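A.B. asks: Sharing a structure with you now.
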C-alpha cells in the first residue's frame, strides 16, 4: 500500500457520507456525488474519517483512488475556482445566456457552451472565473478555453490560466 493511500480522509461537517461496500454517496452544500470503486475495495467510515481498504489493489492505484475521493469530498464543502485571463490586444470574451463568446484574432468568433455543473462569471473585461464542485471538470473546462489560443512564448499573448507560468523565449538580437 502506498503512503498516500494509507492516509485517512477527513469528512467535513457539512457533508453527509454513506458507504455501502465499495460504493460511496455523499451530499454536501455544493452538490451530490456517487462513486463506485473496484469491487475488491472496501471503504470504512470511522470517527468522521474515511479510509480506503483493499488487499488486492495495485499499490499505485491506492494513492490515485484516495486522492480522487479526497478531491470529490472537498468539492462538496468548498468549491474549486480557476481563473482564466485573456492576454493580448483585441482578445475579449463575453457571456451570453449559457455561451461564452470569444474574440481571439480569428476571422470568426469562438463560441463555447458552459457546462451545467459549472458557474462561469466575468470578473473583469479579460478575466473569467470558473467555479464548480468537481476539480476535474473545472480544470478541464479551463484548459478547453485555453486550447483555443494557448500563450505564445515570445510575447505571452493568448489565454492563460492564472497561476500558470508561461515559458518565455528571448527574441532575436540585432547584430551590429
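The values are calculated or read from the model by the stated rules, or taken from the named source; none is laboratory data. Since the structure is predicted, the reported quantities are computational estimates derived from the model, not experimental observations. FYI the Cβ positions are ideal-geometry reconstructions off the backbone, even for glycines, and counts take in every protein chain you see.
A.B. asks: What's the total number of residues in the range 137-172 that are surrounded by 14 or more Cβ atoms within 10 Å (Cβ to Cβ), in contact (Cβ under 8 Å) with a residue 24 or more places away in the chain and within 30 Å of residue 69 (Cβ to Cβ)?
C.D. replies: Selection size over the range 137-172: 7.
A.B. asks: Name the residues in the range 27-54 that are over 13 Å from residue 66 (Cα atoms), touching a helix residue (DSSP H, G or I) at 6+ places or on another chain (Cβ under 7 Å) and either surrounded by fewer than 14 Cβ atoms within 10 Å (Cβ to Cβ) or at pLDDT below 85 (or both), would you?
C.D. replies: Once the filter is applied, which keeps residues that are over 13 Å from residue 66 (Cα atoms), touching a helix residue (DSSP H, G or I) at 6+ places or on another chain (Cβ under 7 Å) and either surrounded by fewer than 14 Cβ atoms within 10 Å (Cβ to Cβ) or at pLDDT below 85 (or both), the range 27-54 yields 29, 30, 31, 33.
A.B. asks: Then there is this: Restricting to the range 31-42, name every residue that is under 22 Å from residue 136 (Cα atoms) and either over 21 Å from the mean Cα position of the chain (by Cα) or not assigned by TED's automatic domain parsing to the domain that holds residue 13 (or both).
C.D. replies: If the condition is that a residue be under 22 Å from residue 136 (Cα atoms) and either over 21 Å from the mean Cα position of the chain (by Cα) or not assigned by TED's automatic domain parsing to the domain that holds residue 13 (or both), then 38 is the only one that fits.
A.B. asks: Considering every residue within the range 83-90, establish whether at least one is buried (at least 16 other Cβ atoms within 10 Å of the Cβ) and at pLDDT below 90.
C.D. replies: yes
A.B. asks: Within the range 11-26, take every residue that is assigned to a loop (DSSP other than H, G, I, E, B) and more than 22 Å from the chain's Cα centre (by Cα) and give me the one that is modelled with the highest pLDDT.
C.D. replies: Checked the range 11-26; the qualifying residue modelled with the highest pLDDT is 13.
A.B. asks: So, residue 115, is that one more than 30 Å from residue 44 (Cβ to Cβ) and either in a strand (DSSP E or B) or touching a strand residue (DSSP E or B) at 6+ places or on another chain (Cβ under 6 Å) (or both) or not?
C.D. replies: no
A.B. asks: Could you tell me whether residue 95 is part of a strand (DSSP E or B), in contact with a helix residue (DSSP H, G or I) (Cβ under 7 Å, 6 or more places away or on another chain) and not assigned by TED's automatic domain parsing to the domain that holds residue 32?
C.D. replies: When the stated conditions are applied, residue 95 does not pass them.
A.B. asks: I'd like to check something: does the range 52-74 contain any residue that is in the same structural domain as residue 19 (by TED's automatic domain parsing), in a strand (DSSP E or B) and touching a residue at least 12 places away in the same chain (Cβ under 8 Å)?
C.D. replies: Yes: the range 52-74 contains one or more residues that are in the same structural domain as residue 19 (by TED's automatic domain parsing), in a strand (DSSP E or B) and touching a residue at least 12 places away in the same chain (Cβ under 8 Å).
A.B. asks: Just for the range 120-136: of the residues that are in contact with a strand residue (DSSP E or B) (Cβ under 8 Å, 6 or more places away or on another chain), without any contact (Cβ under 8 Å) to a residue 40 or more places away in the chain and not in a loop (DSSP other than H, G, I, E, B), which one is nearest to residue 32 (Cα to Cα)?
C.D. replies: 120
A.B. asks: Can you say whether residue 114 is in contact with a helix residue (DSSP H, G or I) (Cβ under 6 Å, 6 or more places away or on another chain), at pLDDT 90 or above and either loosely packed, with under 13 Cβ neighbours inside 10 Å or outside the structural domain of residue 30 (by TED's automatic domain parsing) (or both), as far as the supplied structure shows?
C.D. replies: No; evaluated as a whole, the condition is false for this residue.
A.B. asks: In the range 117-150, what count of residues is obtained for those that are over 13 Å from the mean Cα position of the chain (by Cα) and modelled with pLDDT under 90?
C.D. replies: Number of matching residues: 3.
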